[in-house]
Protein chains: 2
Amino acid sequence: MATRKDLANAIRALAMDAVQKANSGHPGMPMGMADIAEVLWRKHLHHNPANPHFPNRDRFVLSNGHGCMLLYALLHLSGYNLPMSEIKQFRQLHSKTPGHPEYGVTPGVETTTGPLGQGIGNGVGMAIAERILAEYFNRPGHEIVNHYTYVFHGDGCLMEGISHEACSIAGTLGLGKLIMFYDDNGISIDGAVKGWFTDDTPKRFEAYGWQVIPHVDGHNAESIESAILMAKSDQARPTLICCKTVIGFGSPNKAGSEKAHGSPLGIDEVAAARKELGWPYPPFVIPEDIYAAWDAKVQGKRLEEDWNIKFSKYCKTFPELASEYERRVSGQLPDGFEVGIEKAISSIIAKRESIATRKASQQAISVLASLLPELIGGSADLTESNLTEWANAQQINHQKNGNYLHYGVREFGMSAIINGITLHGGLISFGGTFLTFSDYARNALRLASLMKIRSIFIFTHDSIGLGEDGPTHQPIEQAASLRYIPGMDVWRPADTLETMQAWVSAVKKSNGPSCLLLSRQNLPFTDRSVEQISDIKRGGYILKDCAGQPEIIIIATGSEVGLALKTQEAMTDLRVRVVSMPCTNIFDRQEPSWQQHVLPDGIPRLALEAGTADFWRKYVGLEGGVIGMNSFGESAPADKLFDYFGFTVENVSKLVRQTLMANK
Amino acid sequence: MATRKDLANAIRALAMDAVQKANSGHPGMPMGMADIAEVLWRKHLHHNPANPHFPNRDRFVLSNGHGCMLLYALLHLSGYNLPMSEIKQFRQLHSKTPGHPEYGVTPGVETTTGPLGQGIGNGVGMAIAERILAEYFNRPGHEIVNHYTYVFHGDGCLMEGISHEACSIAGTLGLGKLIMFYDDNGISIDGAVKGWFTDDTPKRFEAYGWQVIPHVDGHNAESIESAILMAKSDQARPTLICCKTVIGFGSPNKAGSEKAHGSPLGIDEVAAARKELGWPYPPFVIPEDIYAAWDAKVQGKRLEEDWNIKFSKYCKTFPELASEYERRVSGQLPDGFEVGIEKAISSIIAKRESIATRKASQQAISVLASLLPELIGGSADLTESNLTEWANAQQINHQKNGNYLHYGVREFGMSAIINGITLHGGLISFGGTFLTFSDYARNALRLASLMKIRSIFIFTHDSIGLGEDGPTHQPIEQAASLRYIPGMDVWRPADTLETMQAWVSAVKKSNGPSCLLLSRQNLPFTDRSVEQISDIKRGGYILKDCAGQPEIIIIATGSEVGLALKTQEAMTDLRVRVVSMPCTNIFDRQEPSWQQHVLPDGIPRLALEAGTADFWRKYVGLEGGVIGMNSFGESAPADKLFDYFGFTVENVSKLVRQTLMANK
């Protein structure tokens, strides 16, 4: 009969062999964490290989994503739809086994990892989601939401600042069903970590209020087993299990060294490791008894069936809650959503309010929160500035759940947590900070885009218009830079109506994230026709046209739309069209006929945005005009700054005439 | 006689009054930390108000930069060239008292802060610089480098992940002359921090190996005094002094609440606070005895004179070291630098090596290190991938100094530390990571640009050319986004020669930072004329021209330059010019005649870069062609990916013809 060591060795062999065949990859971590994975996956993890979307499954996150062969081996051995042919295609174009785990590509991969530390943030988000949903849906005797979130991570994740942000808030919230395994192998890419990482990690996590289980032998199944039991026994605190492991365990000449980390062991060393491990089988061959011992299909089927029975009872007792649960998990918006939005839009039109778009966003959030119980908001300690909280929001803390999280000053942690909440399913999550500090969170936004998930990021104080806080707080290049993240939709609305539409588009976009860039200062409301209102969602549209063929088109976004309109009004001798372009990304996806309708060829264009000027060359070309920012801002009252940087009717008019001359 | 409380109240009054007059700003922190500042600045800080550049001054960093009125008040009261007229101009356009402290704007401001946590990183960098320079220059009896670095910070800084990264490495390195003051007031913008920040901070810092002095009464001068003495007594560990304070101390109705944090107290409350504090003087009036007690000009003059005497002796005993020290502190490059570089360039030309530009960078670093003893390198745990280490590099650890730092997996911390080392003076500092992970560090790069300092950031694995690690590791939008940071020079060199020039330009650029984007894969060497070699430093130049007037111009950077040349060679029927554009930022600063020489009007253009396509519209216009990336990458071998994404002679040729058609 196969021993537990044999079962773990199956992972080691697949990792060594796949990396060797690809001639690239990371064998060290899978070989080091194989024993831990064997205990967790075979004895604890609730999952169903036949249905990776089983809603009440435990979540498993590989934050040290370079060790993806561990995960692929686990999925393959457990019976997921990841055949050996895919393992053999490790790191090849369009395989299901890319070089780092990718959500949406491989069945059973819960999140895209590789950029270190973010998996921890995702795990914290998943544990938060589980807790919120459990409290919302569970009823005595009917625990339909009840699962653990497990995270694997290494020294690299713990060195990253985001591990501090995410684990600190996890401790404060007391996420008892979050269990992390620290692969304490003492090695990172540059060698023995003692030269650059000497934290007393157990003490650090105790300082966060975690249960810490130190000094666990990561190669001893019994020790790992008791640690997991102990972790589960504490429901009030997240647990860190510190596992002493040997990187590249089994490789006689490379184990315990950075040489095992990030490149193939080499054919000879793989052979030597086979011998050392007592694994006599050829590459990519797993004996039947080992497959049998790993197979989680039967148990997984039973787990899901048990849950289905439980859920059927729940349906009978709480039919409304049950259908709400099903809707939520499917990610569909509720009936009545469209009607509610239409009503809100009518009210916005009637009110004609000239307010800051951050304020307009708060009003939109209030409407959405009344329609979407799945909405979970928050801010990185700028609630009153971002205006992300609404009237009936319930704050989430260590004792009770709700729908609003005070994330603290943790922009990156917040964003990775938002991704985790979104990935979990059943919730729509957003969070706010200042646009400048999108810099702190940027890679989490990128991963949301890569994963094609509906995370929503609110960035207020979106230009020099924030005024006196000065250049450290005034975004310049951020709007353009965010628009360049593939798949991201960046909205910079001009008034209450565009802000509402931005929110609605973000909520309806089920295949990717959105950013909303919002003003601190008041912006004028513009009247629109019914058609124009509907055009907002195309990302760019004619807001105010001239009679006849325009001589020039002014394209503007957000706070500069008002200036464009004023300029149009002032230049009575010219036929000027004003285009509002609240979301360039969506405009770029429109059919060419729409783009031509809005921006017909041959008419000179001028762009206005209090952000990177060069970005607008893609719309105005080399001969067009741009009034944007080519430098950092300054500390002064906002109106002074707009004057100083040339955002005046006078200056825009001047450039309009220059542009017309240049295009003569 | 003025009591210590009166002296601290002078700060409080100036902060309240300046914020009130500006009708914007943060009174709470200055009022809370005034007593701590009084003890530190009047009794410990070695500085000379008449010469903010006195080289052996203690460094003072206000990481919680929103409390800048504390610093402005200190500078004003101590006798810096910051008259009351500037205090009255707080937060006004072009005043010396902007809304957050800005390096280069206000005499005595050591670094730009506001984006939370980064000041801590800067402080760690300054303490590292002091230690390196002390070991290098000091001789028994001649301690010409010997100063402390003091950092003020609040809860916000401690929540930020970068505080973890920077303080963890500071502990490992045992930076005994770094002393931080934690403004433990229990309040952040969203309110009482206990809802989102419950770390046991003393324990956390003990886990980093720091000396922690907990429970200091931040309003009791004697307690603060003994804490500072205790901090100084431990030369082997950095010290955190945890000061319990009351935010907005003295404001009867707002003290101890977030209401005191970020807005004016209001005229009535300012009046009430005056009464509460016993400060009867009108706004912006400081009695003479209080000025006298604060004045640090006499003591500062003596401190600098003492140091000058010490340095004169040093000059006599170690004349070479002394002149080297003076050179270093002035930031000048050594004699022989140009000759050394010329020699290296000749050798590069002779070798004609086709190697990865990361490898070319390593060779350049070796040359520079032999010429510049002030060069301090490092990597965020990717030394063997970034190739940032050179043959004779000496690793810095807690026992000894050197010129290479293993930063661990801490990209943001590393970058803020590099800024701190640079700001300290006497050293030229660089560090490496993968280009994708520039995302993690982005705001530190931005601050280097805003501060106009010579930090150098090495980003390898600069495109899909890294291959199998896949889309999480393949930068797409990063090159374009970094170029949009005002003042940043982003280099993407094409071969060994351009890489050398990129390094030389970065080192010579004394007024701002540079990024070097380097390939993982080998790139072909291109022969150039003497003139062309000299043209590289113009950022864009004609690399290979056709005979006669070109019909089309292909602009390329880095790894795509070789493809441009191959296409040119293949399209024998067309007159194609190839322009290499290793640094768009520098090209944009060239005189128009040069730009016209390289890219004459009226000739169609096509851009090639394995990064965001849209960026290139600013050079090719609406009618030009671009082969770039419009999506994320994939996990596969690099050559497969270049084929898949259209970076082939065939595809470029096709687009060349299409572009010519479109421009007919």
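The values are calculated or read from the model by the stated rules, or taken from the named source; none is laboratory data. This structure is a prediction, so every number in the text was calculated from the model and none was measured. Ideal geometry is used to build each Cβ from the backbone, glycine not excepted, and the neighbour counts take in all protein chains shown. To get the accessible areas, we keep the full protein, side chains included, count just its heavy atoms, and leave off ligands, DNA and RNA. Shrake-Rupley method; radii C 1.70, N 1.55, O 1.52, S 1.80 Å.
Things worth noting here:
- Unmet requirement for A:Gln532, which otherwise passes all of (1) outside any strand (DSSP E or B); (2) within 25 Å of the chain's Cα centre (by Cα): (2)
- Screening segment B:135-172 for residues that are touching a residue at least 60 places away in the same chain (Cβ under 8 Å) and of a type in the set (Gly, Ala, Ser) and picking the one that is nearest to the other protein chains (Cβ to nearest Cβ) gives B:Gly161.
- When segment A:22-46 is limited to residues that are small (Gly, Ala, Ser) and within 14 Å of A:His100 (Cα to Cα), the one that is nearest to the other protein chains (Cβ to nearest Cβ) turns out to be A:Ser24.
- Contact annotation: residue pairs with Cβ atoms under 6 Å, 6 or more positions apart or on different chains, pairing a residue in segment A:196-212 that is at the interface with chain B (Cβ under 7 Å from one of its Cβ atoms) with a partner that is in a strand (DSSP E or B), are A:Trp196/B:His406; A:Glu206/A:Val212.
- When residues of segment A:441-472 are limited to those that are open to solvent by 10 Å² or more (accessible area, probe 1.4 Å) and within 9 Å of another protein chain (Cβ to nearest Cβ), the one farthest from the chain's Cα centre (by Cα): A:Glu468
- Residue in segment B:404-421 that is farther than 29 Å from B:Met159 by Cα and touching a residue at least 60 places away in the same chain (Cβ under 8 Å) present: no
- Considering B:Leu14, B:Leu62, B:Leu71, the condition of being touching a residue at least 40 places away in the same chain (Cβ under 8 Å) and out of contact with any Gly (no Cβ under 7 Å at 6 or more places or on another chain) is satisfied by B:Leu14 alone.
- Subset of segment B:473-490 (residues that are open to solvent by less than 10 Å² (accessible area, probe 1.4 Å) and within 15 Å of B:Ala506 (Cβ to Cβ)): B:Leu482, B:Ile485, B:Met488, B:Asp489, B:Val490
- Enumeration of residues in segment B:562-601 that are among the β-branched types (Val, Ile, Thr) and touching a residue at least 12 places away in the same chain (Cβ under 8 Å): B:Thr567, B:Val576, B:Val578, B:Val579, B:Thr584, B:Ile586, B:Val598
- Qualifying residue in segment A:560-578 (condition: within 14 Å of chain B (Cβ to nearest Cβ) and farther than 26 Å from A:Glu477 by Cα): no
- Criterion (surrounded by fewer than 21 Cβ atoms within 10 Å (Cβ to Cβ) and under 21 Å from A:Ile11 (Cβ atoms)) met by exactly one of A:Gln235, A:Gln299: A:Gln299
- Verdict on B:Gln363 being within 14 Å of chain A (Cβ to nearest Cβ) and at pLDDT 95 or above: no
- The requirement of being assigned to a helix (DSSP H, G or I), surrounded by fewer than 24 Cβ atoms within 10 Å (Cβ to Cβ) and not polar (S, T, N, Q) is not satisfied by A:Glu498.
- Residues that are under 19 Å from A:His100 (Cα atoms) and open to solvent by less than 20 Å² (accessible area, probe 1.4 Å) within segment B:624-636 comprise B:Gly633, B:Ser635, B:Ala636, listed in sequence order.
- Condition met for B:Lys203 (closer than 22 Å to B:Ile187 by Cβ and open to solvent by 30 Å² or more (accessible area, probe 1.4 Å)): yes
- Some residue of segment B:637-652 being crowded, with 20+ Cβ neighbours inside 10 Å, out of contact with any Phe, Trp or Tyr (no Cβ under 9 Å at 6 or more places or on another chain), away from every other protein chain (no Cβ under 12 Å) and not small (Gly, Ala, Ser): yes
- Within segment A:73-111, tally of residues that are hydroxyl-bearing (Ser, Thr, Tyr), more than 12 Å from every other protein chain (Cβ to nearest Cβ) and open to solvent by less than 40 Å² (accessible area, probe 1.4 Å): 2
- Yes/no for A:Gly377 being closer than 29 Å to A:Ile533 by Cβ, under 21 Å from the mean Cα position of the chain (by Cα), open to solvent by less than 10 Å² (accessible area, probe 1.4 Å) and not aromatic (Phe, Trp, Tyr): yes
- With respect to the conditions (1) in contact with a helix residue (DSSP H, G or I) (Cβ under 9 Å, 6 or more places away or on another chain); (2) outside any helix (DSSP H, G or I), A:Phe587 lacks only one, and its number is (2).
- Qualifying residue in segment B:184-191 (condition: open to solvent by 10 Å² or more (accessible area, probe 1.4 Å), farther than 26 Å from B:Arg446 by Cα and within 11 Å of chain A (Cβ to nearest Cβ)): yes
- For segment B:599-623, the set of residues classified as surrounded by fewer than 23 Cβ atoms within 10 Å (Cβ to Cβ) and either in a loop (DSSP other than H, G, I, E, B) or more than 9 Å from chain A (Cβ to nearest Cβ) (or both) consists of B:Leu599, B:Pro600, B:Asp601, B:Gly602, B:Ile603, B:Pro604, B:Ala613, B:Gly621, B:Leu622, B:Glu623, listed by residue number.
- Residue within segment B:214-228 that is in contact (Cβ under 8 Å) with a residue 12 or more places away in the chain, of a type outside the set (S, T, N, Q), within 14 Å of another protein chain (Cβ to nearest Cβ) and touching a Gly at 6+ places or on another chain (Cβ under 8 Å) present: no
- The single condition among (1) closer than 20 Å to B:Gln658 by Cβ; (2) open to solvent by 10 Å² or more (accessible area, probe 1.4 Å) that B:Thr567 does not satisfy is (2).
- Screening segment A:397-435 for residues that are of a type in the set (Val, Ile, Thr) and buried (at least 24 other Cβ atoms within 10 Å of the Cβ) and picking the one that is nearest to the other protein chains (Cβ to nearest Cβ) gives A:Val409.
- Selection count, segment B:653-664, where residues are buried (at least 16 other Cβ atoms within 10 Å of the Cβ) and within 13 Å of chain A (Cβ to nearest Cβ): 1
Conditions tested, residue by residue: (1) closer than 16 Å to A:Pro55 by Cβ; (2) not basic (Lys, Arg).
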residue: A:Glu269; (1), (2): no, yes
residue: A:Pro280; (1), (2): no, yes
residue: A:Asp295; (1), (2): no, yes
residue: A:Lys301; (1), (2): yes, no
residue: A:Asp306; (1), (2): yes, yes
residue: A:Ser312; (1), (2): yes, yes
residue: A:Thr317; (1), (2): no, yes
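- Residue in segment B:248-266 that is away from chain A (no Cβ under 14 Å) and either closer than 30 Å to B:His147 by Cα or of a type in the set (D, E, K, R) (or both) present: yes
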